[in-house]
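First up is the structure itself, then whatever we jot down about it.
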Amino acid sequence: MVAIYYVMAVSALYFVILLFSFRNIRDIFRRANYSKYNTLSGSELVPSVSLLVPAYNEELTIAENVRCLMTLNYPTYEVIVINDGSSDDTLQVLIEEYGLTLLPNPELRGNIHTHKMRGIYYNPQYPQLYVIDKENGGKADSLNAGINLSRYPLISSIDADSLLEKDALIRMARMYMENPEETVAIGGDVRIANGCVIENGEVKDVSLPRRMWPMFQSIEYLKAFLGGRIGWSHLNGLIIVSGAFGMFRKDYVIAVGGYRGGYPGEDMNIIIKLHRYMLENKIKYRVSFCPEAVCWTQAPDSYNILSNQRKRWGRGNLKNMIENRNMLFNPKYKVMGLLTMPYNVIFEALNPYFRITGLLALLGYVMLDMTNWQVLVVFGLVNFLSGYLLSVGALILEEMAFRRYTKLSDLVKMLLFSALKFVGYHQLGVLWRVQGHIQYMQNNNSWGTMTRQSWKDKNEAA
Amino acid sequence: MSQSATLQRVQAVDFYGRLEEEVRGHRNGTALLFLYCAGDPSGTDAELTEVQSFVDQLSGVNSEVLRDVSTGVLALTLPGYTLDAAHYQALLLKQHLQGRLEQSDPRITLAALTETPSTQTMKQMAEAARLSTSSDIHIFTQEEADRDQSRILIVDQDATVREFLQIRLAMQGYETLEAVDGLEALDLIPKWEPDLVLTELNLHGIDGLPFIHHIQQLKVKEPPKIVVLTEKRVEQTISQCFQNGVDDYVTKPFSPVELDARIRRCLH
């Protein structure tokens, strides 16, 4: 019976969050369409931003991504690429593409501890581009190195496998400028670029991925970002700003000691730390989500890579929860302590175990003939329908406000895959999470590999 | 055959040089005629022979019909002809061509010369023949030759801005062309050789400053002037632009009158 209550609670919570998303979508639509981003993108009054791009073995995609980042519509910004001791030619590709030379005595402003920096490359012809070469120390370490070099009051972390839309940064800055005192972090909307046509560092033609795994992830991201995060940000209970694209106040990031190295999930960790710091010091703050700022990312398209990524997420999530367990049900931490953290522990981290025990219990009931198959079917149907309704809700949000996918066939495909997701993909997700937890117990702390495909090859393949 | 091929190549190299020589050879004035056959799939070889045969039967004319291989424009001189006589011959030539080559649609630009024209003027005449939309014979006057025909390349990703600028600048008598982004513009500049590039800094494909730098690196005879018309109002960017050799910097929203004045000042 517990399982049934559990499922009901999850669904109810999801629906409440989705409702909040719907409440906000009209505002989002209007501000996305009626704001004068063009004028704003030339204004001296927009705060300047340092873009931090950690890159580890990205020789195939890095040139295209940097080209994309160099042509954003934004008044003042710098791009800092951090080569995290890549074993491939990432650094050489950049040096050749932009004619960079080693800076003789670079000026470092921050003093967060990082691994040894080998040098900083620069070319006065591209005054906004810096490339840091450092010894391998992980993503968090790279971001910290970038913070140390950055000149501007805002930082934005961007994955080297992601492409920003030209207006993405200015849209985020607009949100920041509405409430610069309180806003400490803003997350962007991450979408799957597999299947899209990419030209000159820009997504030209939006369409859904052809392959199965990226397709499922597309739906999943849409649901998580539009259905989930808009609602959570309304409650100021966002627990994660995607590592692929987020903007932060540098002073507070430094105040909480920068990114934590040595473990995945650094993107969730920094947000929890920010929440904790602000609440403990009783400073009014907001962690916002800006769905109109879009970042396109390459999703893993094979089972192995995807499972590695998910195990890593499971591991990172568990680690973050255990580290911050004192926030759980602690009224001092307000929404964070009373809602977000419990939600994450019970419905995200422990989700697999509830599901598995629930399933076992159900099987047991059936075996012992304590219940009949009708109950089982009804239970399954309710479970499926509520989940499907949530996905459809996210799709409706997408269609109401953004309409990135214009083809009707894409829409039908999304509806179909939202349903197919419940057969197999969901169960795999549960499995991966458990495996991630096992890895955590075994102290297996590898990042796993993510093989990239060049954006160009992708176009041909798609 | 091989001889004529070599001959043609030499002609192509200095079509205008030879034309100038020919005009200079006739002391007491000559008529100069440019002809371009639009929509002729059979190629220009047939035209060339037809025009040559027409010229040969004229009494007192023994000039050779020249051809610009790169554009397909034909040129011939009619020494001693006044404008009205030349116009009559041009009409006959048009009729002759239309009779012989069914699909040919000749466009003719004609001028009576008393002195040797500049290469620029001749280029203008050839261009006028090539781009003419009517089959009437176009009489090229002194006024037309004097008219300010500076070329301006408009680079902006916003179609509305491009259209506005294009209409306004065309009304001022400039020749204009549009490019959506920096890469397209970099492709167009060596081909079209504009006198001035009017560009936004927020461009797709390549950013403003590197774009300007690339323009200056292009191998063109006369590097175009660069005027920036942009949303960016950050002082640092403005000073960087001037350091990179930009001729003027105008921010949006802009006053069209001011922009006109600044463009005029850059060109003269």
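Here, each number is a calculation from the coordinates, and none is a lab measurement. These figures come from a predicted structure and were not determined experimentally. Cβ: placed from backbone, ideal geometry, glycine included. Neighbour counts: every protein chain shown.
Computed from Cα atoms, the angle from the helix A:139-149 axis to the main principal axis of chain A rounds to 30 degrees.
Mean separation of Cα pairs under 8 Å and 6 or more residues apart, divided by the residue count, gives chain A a relative contact order of 20 percent. Region B:57-125 and region B:203-268 have Cα centres lying 41 Å from one another. For B:Asp84 and A:Leu103, the FRET efficiency from 1/(1 + (r/R0)^6), where r spans their Cβ atoms and R0 equals 60 Å, is about 0.20. Enumerate the aspartates and glutamates that B:Lys94 could reach by cross-link, defined here as Cα to Cα under 12 Å, with residues fewer than 8 away along the same chain left out. Cross-link targets: B:Glu47, B:Glu50, B:Glu102, B:Asp105, B:Asp136.
Between A:Ile356 and B:Gln98, the simple label model (points 7 Å from Cα in the Cβ direction) yields a spacing of 9.0 nm. For A:Phe402, A:Phe216, the sequence from fewest to most other C-beta atoms within 10 Å is A:Phe402, A:Phe216. Helix B:159-171 axis versus longest C-alpha principal axis of chain B: approximately 50°, rounded to the nearest ten. Only the Cβ atoms of Lys and Arg (+1) and of Asp and Glu (-1) were treated as charged; on that basis the dipole of chain B about its Cα centre amounts to roughly 360 debye. The charge dipole of the protein assembly as shown, taken about its Cα centre with unit charges on the Cβ atoms of Lys, Arg (+1), Asp and Glu (-1) only, comes to about 4080 debye. What's the average, rounded to a whole number, of partner chain beta-carbon atoms within 10 Å of each residue's beta-carbon in B:202-209? Counting Cβ atoms of other protein chains within 10 Å of each residue's Cβ and averaging gives 6. As a proxy for reagent exposure, ranking A:Val190, B:Val180, B:Val257 by other Cβ atoms within 10 Å from fewest up yields B:Val257, B:Val180, A:Val190.
Dipole orientation for the protein assembly as shown: of the candidates A:Thr76, A:Tyr303, A:Val66, A:Tyr303 has the Cα lying most toward the positive pole (charges on Cβ; Lys, Arg +1; Asp, Glu -1). Ranking A:Leu163, A:Met341, B:Pro256 by Cα position along the charge dipole of the protein assembly as shown, where only Lys, Arg, Asp and Glu carry charges on their C-beta atoms, puts A:Met341 farthest toward the positive end. The angle separating the long axis of helix A:373-401 from the principal Cα axis of greatest extent in chain A is about 30 degrees. Lysine pairs in region B:151-267 whose alpha-carbon atoms fall under 23 angstrom of each other, counting only those eight or more residues apart or on distinct chains, come to 5. Amide hydrogen proximity for B:Ala179: with H placed 1.01 Å from N in the peptide plane, the residues at 5 or more positions away or on another chain lying under 5 Å are B:Ile154, B:Val155, B:Asp156.
Relative contact order of chain B: 14 percent, from C-alpha pairs under 8 Å at least 6 residues apart in sequence.
Magnitude of the charge dipole for region B:2-146, about its Cα centre and with charges confined to Cβ atoms of Lys, Arg (+1) and Asp, Glu (-1), is about 200 debye.
In straight Cα distance, which lysines are under 23 Å from A:Lys421, not counting same-chain residues fewer than 8 positions off? The reachable lysines, counting only those whose Cα sits under 23 Å from A:Lys421, are A:Lys223, A:Lys311, A:Lys407, A:Lys413. Which of A:Met268, A:Leu208, B:Asn62 sits farthest toward the positive end of the charge dipole of the protein assembly as shown, with +1 on the Cβ of Lys and Arg and -1 on the Cβ of Asp and Glu? Going by the charge dipole, the pick is A:Met268.
On the basis of the beta-carbon distance and an R0 of 45 Å, A:Leu328 and B:Asp187 show a calculated FRET efficiency of 0.15.
The label-point distance for B:Gln172 and B:Leu58, in a model that sets each label 7 Å from Cα toward Cβ, rounds to 4.0 nm. Listed by chain and number, the lysines whose C-alpha is less than 27 Å from the C-alpha of A:Lys282, apart from same-chain residues fewer than 8 away, are A:Lys250, A:Lys273, A:Lys319, A:Lys332, A:Lys334.
Taking other Cβ atoms within 10 Å as a rough exposure proxy, A:Val53, A:Val375 sort from fewest to most as A:Val375, A:Val53. Treating r as the C-beta distance of A:Tyr5 and A:Lys204 and R0 as 45 Å, the FRET efficiency rounds to 0.40.
If the chain linking A:Val197 and A:Asp369 were pulled fully straight, counting 0.36 nm for each residue of separation and taking away their Cα-Cα distance, it would gain 56.4 nm. Across region B:2-146, the relative contact order, built from alpha-carbon pairs under 8 Å that are at least six residues apart, equals 32 percent.
Put simply, the amide H of B:Glu231, placed in the peptide plane, has neighbours under 5 Å in B:Leu201, B:Asn202, B:Lys252, leaving out anything fewer than 5 places away on its chain.
A crude spin-label estimate for the pair B:Lys221 and B:Val257, with each label 7 Å from Cα along the Cβ direction, gives 3.7 nm. Remark: mean inter-chain Cβ contacts per residue of A:67-77 equal 4, using a 10 Å Cβ-Cβ cutoff to other protein chain atoms.
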